[in-house]
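Here is the structure we will look at.
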Amino acid sequence: MYDCHNRQINYLRVSVTDRCNFRCAYCMPEQGVKLLTHNEILSYEELLRVIRIVSRRGVSKIRLTGGEPLVRKGIVRFVQSISELEGITDLSMTTNASLLAGMADKLKAAGLTRVNISMDTIVPERFRQITRGGNIADTLNGIDAALAAGLTPVKLNVVLTDIITDRDLVYFVDLVHREQISVRFIEYMPIGDNQVGAGPSIEEIKAKINSLGKGTLKPVLDIYGNGPAKYFSLPKAQGSFGFITPMSEHFCGMCNRLRLTADGKFKPCLLSNQEIDVRSALRNGATDEQIAELFYSAIAEKPQGHTLAKSQPDKRFFRKMSQIGG
């Protein structure tokens, strides 16, 4: 399937819940957001039906998101149901890993391929500050469990806010030397409540890593599921660093994904208010072909690129990041 800008669409990000056990400062306000009711959220059966329909029409990659996907009961069984679908070759999850230590083996056995773990700092007090109560030890235990279970490549997503410190960079450099793990630095996008400030630039991070005495970053190309990141490695390192630049050098021209929100809306673009209601169709007797037509409509409406740098995003977006699924 190709959109109007000749991009092949083979990737669907599926939000299974709007609930999260963190309140990350760039993702939602401290008091949280108004949660969906049980009836507003798509059931696992409805989600699986949509995934089955789009998998027969070219989608081969599924990423489960939230909120925090591991807070929804029955997630392991849902993973298994997706993994059994013909045509799905890559099934991954984005998680804060706070609950992963006790679930990693079960998720791997159920068919989950790999995980992306959100972790913006390893300094305990700063971690509590940006997550508003999170415990860094839980996330670190989750990372260890993911590596042990073989949910690889494990990728750490680090949003570049003013929370990050030199201590974090020293830790990440040591980590990629020891483990087959990718640490990915993501430019701060001002689409939340702006309760943290923007951190260092990508170029500043690269320069700092190069200054730590472990060698110079060199580009690498063979990272599985590389997506929008540009990857680099250090000499003798087991892992790698990735750099994601949605603001300074956006990658819209290569975007191959759509999103399905927990309340049943197809979103052609993360940074847009465009949505197509699939929940109503699911609950009003629509055929598989009619559901597929809604998917095709979402592809047709996918914009050429976002306009985040040209607008006032806080006033423009009616959903918080946690309500979309990232």
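The values are calculated or read from the model by the stated rules, or taken from the named source; none is laboratory data. This one's a predicted model, so the numbers in the text were calculated from it and none came from an experiment. Every residue, glycine among them, receives a Cβ derived from its backbone with ideal geometry; neighbour counts consider all protein chains shown.
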Being over 22 Å from Thr95 (Cα atoms) and touching a Leu at 6+ places or on another chain (Cβ under 7 Å) is the filter here; which residues of region 146-172 pass it? Val170
Among the residues of region 88-102, are any among the hydroxyl-bearing types (Ser, Thr, Tyr), farther than 30 Å from Gly199 by Cα and more than 19 Å from the chain's Cα centre (by Cα)? no
Considering every residue within region 183-201, establish whether at least one is more than 21 Å from Met247 (Cα to Cα), among the hydrophobic types (A, V, I, L, M, F, W, C) and surrounded by fewer than 18 Cβ atoms within 10 Å (Cβ to Cβ). no
Which ones in region 1-32 are exposed (fewer than 14 other Cβ atoms within 10 Å of the Cβ), among the charged types (D, E, K, R) and closer than 27 Å to Met254 by Cα? none
Do we have any residue at all in region 87-102 that's in a helix (DSSP H, G or I) and not small (Gly, Ala, Ser)? no
Any idea which residue in region 39-57 is surrounded by the most Cβ atoms within 10 Å (Cβ to Cβ), counting only those that are over 12 Å from Val16 (Cα atoms) and either touching a Cys at 6+ places or on another chain (Cβ under 7 Å) or not hydrophobic (A, V, I, L, M, F, W, C) (or both)? Ser55
Return yes or no: is Leu156 more than 20 Å from Glu30 (Cβ to Cβ) and part of a strand (DSSP E or B)? yes
Scanning region 197-214 for residues that are under 14 Å from Val158 (Cα atoms), hydrophobic (A, V, I, L, M, F, W, C) and outside any helix (DSSP H, G or I) gives Ala198
The conditions are (1) out of contact with any Leu (no Cβ under 7 Å at 6 or more places or on another chain); (2) at pLDDT below 85, and Met189 fails exactly one of them. Which is it? (1)
Considering each residue of region 215-227, count those that are crowded, with 16+ Cβ neighbours inside 10 Å and either modelled with pLDDT of 95 or more or part of a helix (DSSP H, G or I) (or both), and give that number. 1
Only one of these is part of a helix (DSSP H, G or I), more than 22 Å from Met254 (Cα to Cα) and either of a type outside the set (Lys, Arg) or within 19 Å of the chain's Cα centre (by Cα) (or both): Leu47, Leu35. Name it. Leu47
When you scan region 108-116, do you find a residue that is hydrophobic (A, V, I, L, M, F, W, C) and without any contact (Cβ under 8 Å) to a residue 12 or more places away in the chain, even just one? yes
Of (1) part of a strand (DSSP E or B); (2) modelled with pLDDT under 95; (3) of a type outside the set (A, V, I, L, M, F, W, C), Gly67 satisfies all except one. Which? (1)
Over region 109-133, the set of residues surrounded by 19 or more Cβ atoms within 10 Å (Cβ to Cβ), assigned to a loop (DSSP other than H, G, I, E, B) and in contact with a helix residue (DSSP H, G or I) (Cβ under 6 Å, 6 or more places away or on another chain) is Leu112, Met119, Asp120, Thr121, Ile122
Selection over region 159-190 where residues are of a type in the set (Lys, Arg) and either without any contact (Cβ under 8 Å) to a residue 60 or more places away in the chain or not in a helix (DSSP H, G or I) (or both) yields a count of 2
Checking the structure you have, find out if any residue of region 72-89 is at pLDDT below 95 and buried (at least 22 other Cβ atoms within 10 Å of the Cβ). no
